[in-house]
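> Here it is, the structure, as structure tokens.
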Amino acid sequence: MPIRAKSRTGEATTTRSRGTDAIALLKQDHKEVKALFEQACALGTRATEQRRKLYGQIAAQLRIHSQVEEEIFYPAFRERTRNASDERQEVLEAYEEHGIVKHLLGELDATDPKDESFLAKFQVLKENVEHHVREEEGEMFKMARAALDKEELIELGSRIEAAKEEARA
Ligand SMILES: [Fe+2]
Ligand SMILES: [Fe+2]
């Protein structure tokens, strides 16, 4: 387990996992989940066991990721942008998009990967996640970079890392 290095100047001596800014961490999650989706899409239609396994990993990642965004990142973003209308709208849309993803995860949890509807639902999940990631990276994260300074983003990054560790425990 990485140990948090304390430094008066902040950045230079923090360990990689504790000193990464929140946006970089969230983008890394996006990248990982994209890779898992790609692996799942490369499977033949009959590879149901592998699909089940990959789906389990994707679902777990998406749930933890949404949780840390909803509990840590979005509230901080909203607070620091003082609920300005465009920023507030971004966050409200993001919650709605998370809602759709959670609904789809619930449906997939209850569907046998051997069932042909599983693949259809899985494809819709992938498309929704891709859309949501585009919105976050193309809009919200850019707004957040402008509104929060590096130190705040690193602080949020530490809280995200800690919440993820707790969720995984
Ligand atoms: Fe995200
Ligand atoms: Fe999100």
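Coordinate-derived values only; no laboratory data. Note that this is a predicted model, so its numbers are computed, not measured. All Cβ positions, glycine included, derive from the backbone under ideal geometry; neighbour counts span all protein chains shown.
> So which trypsin sites (Lys or Arg not before Pro) in the range 67-137 are both in a DSSP loop and have at most 10 other Cβ atoms within 10 Å of their Cβ?
Sites meeting the loop and neighbour criteria: R82.
> Quick one: S158, S117, S85, fewest Cβ neighbours within 10 Å first, how do they rank?
By the 10 Å Cβ count, ascending, the order reads S85, S117, S158.
> Among the aspartates and glutamates, which have Cα under 13 Å from the Cα of K53 when same-chain residues fewer than 8 positions away are ignored?
The reachable aspartates and glutamates, counting only those whose Cα sits under 13 Å from K53, are D109, D112.
> Can you give the relative contact order of the chain as a percent, counting alpha carbon pairs under 8 Å and 6+ residues apart? Each step should come with its number before you reach the end.
Details: 120 pairs, mean separation 60.5, N = 169.
That works out to 36 percent.
> Next up: With respect to the cross-link table entries K121/K142; K34/K121; K27/K121, which display a Cα-Cα separation exceeding 26 Å?
Cα-Cα > 26 Å for K121/K142; rest within.
> Could you tell me how many degrees, from 0 to 90 and to the nearest 10, lie between the Cα long axis of helix 150-168 and the main elongation axis, the longest principal axis, of the Cα atoms of the chain?
Once rounded, the angle reads 40 degrees.
> Would you work out if the range 124-169 is rounded, prolate or oblate? Take a ≥ b ≥ c from the square roots of the eigenvalues of the alpha-carbon gyration tensor; rounded if a/c is under 1.5, else prolate when a/b is larger than b/c, oblate otherwise.
Values: a/c = 5.61, a/b = 1.15, b/c = 4.87.
Oblate is the answer for the range 124-169, as a/c is 1.5 or above yet b/c matches or exceeds a/b.
> With the convex hull built on the Cα atoms of the chain, state its orientation-averaged projected area in nm².
That works out to 10.5 nm², a quarter of the Cα hull's surface.
> Let's test the formula: R0 of 45 Å, r as the Cβ-Cβ distance of R159 and E38. What FRET efficiency results, to the nearest 0.05? Provide the component values of the computation, followed by the final result.
On the way: r = 30 Å, r/R0 = 0.66.
So the FRET efficiency works out to roughly 0.95.
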